[in-house]
Amino acid sequence: MQFVRRPDLDAQTRISIVMLAWLYQGVYGKMTQIAARYRISRTFLYQLLLVANLHLEVLFSDEKCLLQQDQHRFHQLILLLRLEGKCSIPSISTILKTLQYQPHSVGYLSNFFHRAGHALPSTVSMASKKVGFYLSDEIFALHTPILVTIDAQSTAILNIELASDRSAQTWSAHFTKLHDHRFDGIGMASDRGKGVVAGYQATCQEALWVCDYFHEFRDLFNVLHQLERKAYSAIGKEHDAAQKWERAKSAATFDKRFQQYHQASQACEQLMTQYDQLDLLLQLLREALLVCSPQGKLRTREGVRSELTLLVTMLSEINCAALSTPLKSIQAHMDDIVVPFAQAEAIYAKLLAVVPRQPLDFLVLAWHHDHLSYQAQAKLQHYHQHERDHWLACAEGLLDEEGVALKTWVFAQLDTIVRASSLVEMVTSFIRPYLTSCKGHITQEALNLIMFYHNHRRYKSGKRKGKAPIELLTGEALEADWVELLRQQINRQQEATLNACEPARAPRQLRPTLHGGATPSAVLAGQAIFDTNASETHPQQRVAQAA
């Protein structure tokens, strides 16, 4: 017998058939009458009854699977595993299977994360104009560049996008998008990538560009490490030559090995001298680049330029050929290197107009030691904290009741001085484990999820401890944890999408049959990303959703 699909049997008709069959169960001849009335086979009729019983059992049974008992917690679990635990999707699937959660397929999880990321934006939007300092960088997923821009003060990711290239035009569109979302960059710090620098300068022509100190002086410190390795190697060779000299038996061998020891000793002494000189000068270089002097004065642009010029001259006098290339680069980029100190001069003049000079110098010193305390190891950290408290006490003694408010304001102003883009390197290192877990096959939706998680998670240590980047950016406290906020954001986006498409949608109808062989639990799980109101829905509506 050949079975054909009946287009005239719509959803409402099938519900009527099931209701009649349910009422007349056990009555002799009624199933045949119903089948004849609707011109259907009894096999199809019993199939409808079986599906109806199955759905009612799933909806009203006390022995529900873990997902149906608490779908919200299930979604929390997989989000925590993916974002907090940085687990790959196959690993999450294995964990769910071991814990007997349904559904646990890789396909379901991939689709879930894709839909969640699709409901999130790739750029933060502000209700009003926000002025800030950008830190920008690019990382790669396989050979595809990912453009990242964060806010220097809050470390919030402002824009993250999977780009086709990293040209100036692409970066310019990246910064234009930030401007369209009510961000106004007063400056940007980055490495010397041609695309990012040209794109920023084309978009924000009057804003500052700050070169990253790590990239500017990295080659000098690489030479220091090379000299250190060579010096240790020369010490070993000198020691071996001395032992061979001591074991010499004949006079000729004695003289020969003495000459070898003498040459090894001279080479060792030269390398050690070069290392010591370079190490000392680089220590002076670090101090010259600090914003604050030991006397509590903010360094000026011309003062730093003079110190750097002198240090470069002294470094060039070290008899080391490896130093010539990095020194030429520093001399060529001197104007870019001193840009942050021009910003420091302007800020100091602004502070001096409000705070008297002596207490201001005390507050600058307190800020300086407070800043260094977060970068120092344990012993030095205690030293810097003690110095900070000492200079704060001196300033508060001169400022009386206004001390606390002025201290907060002065610290906030000094924090706006940017000398490096190292914070964006911290953010990109936060993203890299996700690239590893997906073997570089990242999507924009996945990047949207990562950005939302980073912006809404609270720091567990450091100067931003207990605060989320988005809180520091907007100044508004978060009302819930990031998982709950993510659920709310996704639900709002889904409701907006549904409302926009509502006129074109057909009226909702009940469908008692399952097509494609999907299990009831899988259908229920796929009806929405987050459905916290499922327990409050009318039974007929829940049957419709299950169908």
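The values are calculated or read from the model by the stated rules, or taken from the named source; none is laboratory data. A quick note: this is a predicted structure, and the numbers were derived from the prediction, not measured. When we count neighbours, we look across all protein chains shown, and the Cβ atoms used for this are built from the backbone with ideal geometry, even at glycine. Areas reflect the complete protein model, heavy atoms only, side chains present, ligands, DNA and RNA absent. Shrake-Rupley method; radii C 1.70, N 1.55, O 1.52, S 1.80 Å.
Suppose the filter is touching a strand residue (DSSP E or B) at 6+ places or on another chain (Cβ under 6 Å) and buried (at least 20 other Cβ atoms within 10 Å of the Cβ); does GLY199 pass it? No. For the range 186-199, residues that are under 12 Å from ASP137 (Cα atoms) and in contact with a helix residue (DSSP H, G or I) (Cβ under 6 Å, 6 or more places away or on another chain) total 5.
Which residue, of GLN381, GLN385, is over 18 Å from GLN295 (Cα atoms) and not charged (D, E, K, R)?
Going through GLN381, GLN385 in turn, the sole match is GLN381.
Entry remark, the range 353-380: residues being part of a helix (DSSP H, G or I) and open to solvent by 60 Å² or more (accessible area, probe 1.4 Å) number 6 in total. On inspection, GLN266 fails the criterion of being surrounded by fewer than 17 Cβ atoms within 10 Å (Cβ to Cβ) and assigned to a loop (DSSP other than H, G, I, E, B). In the set (1) open to solvent by 10 Å² or more (accessible area, probe 1.4 Å); (2) assigned to a strand (DSSP E or B); (3) under 18 Å from CYS211 (Cα atoms), GLU161 fails one condition alone, (3). Residues that are in contact (Cβ under 8 Å) with a residue 24 or more places away in the chain, in contact with a helix residue (DSSP H, G or I) (Cβ under 7 Å, 6 or more places away or on another chain) and either assigned to a loop (DSSP other than H, G, I, E, B) or open to solvent by 20 Å² or more (accessible area, probe 1.4 Å) (or both) within the range 453-469 comprise HIS456, ARG457, ARG464, listed in sequence order.
Only residues that are open to solvent by 90 Å² or more (accessible area, probe 1.4 Å) and not polar (S, T, N, Q) were counted in the range 27-44, giving 4. Across the range 215-242, the qualifying residues are those that are over 18 Å from GLU269 (Cα atoms) and surrounded by fewer than 14 Cβ atoms within 10 Å (Cβ to Cβ), and the one among them that is farthest from the chain's Cα centre (by Cα) is ASN222. Of the residues GLN12, GLN69, GLN47, GLN2, the single one that is surrounded by fewer than 17 Cβ atoms within 10 Å (Cβ to Cβ), at pLDDT below 85, among the polar types (S, T, N, Q) and closer than 27 Å to VAL106 by Cα is GLN69. Here ALA344 passes the criteria (1) open to solvent by 20 Å² or more (accessible area, probe 1.4 Å); (2) within 24 Å of ILE186 (Cβ to Cβ) except the one numbered (1).
Considering the range 310-324, the residues that are within 14 Å of VAL223 (Cα to Cα) and of a type outside the set (Ser, Thr, Tyr) include one that is most open to solvent (accessible area, probe 1.4 Å), namely ASN319. When ALA477 is tested against the conditions (1) open to solvent by 60 Å² or more (accessible area, probe 1.4 Å); (2) hydrophobic (A, V, I, L, M, F, W, C); (3) in a helix (DSSP H, G or I), the lone failure is (3). Considering only the range 270-309, state which residues are touching a residue at least 60 places away in the same chain (Cβ under 8 Å), closer than 21 Å to PRO326 by Cα and open to solvent by less than 40 Å² (accessible area, probe 1.4 Å). Correct list: LEU282, LEU285, LEU289. The set of residues from the range 164-190 being farther than 20 Å from GLN444 by Cα, open to solvent by 10 Å² or more (accessible area, probe 1.4 Å) and aliphatic (A, V, I, L, M) comprises ALA168, ILE186. Looking across TYR101, TYR108, one residue alone is assigned to a helix (DSSP H, G or I) and aromatic (Phe, Trp, Tyr). It is TYR108. Only one entry of GLU402, GLU425 meets the criterion of being modelled with pLDDT under 90, farther than 30 Å from LEU208 by Cβ and assigned to a helix (DSSP H, G or I), and that entry is GLU402.
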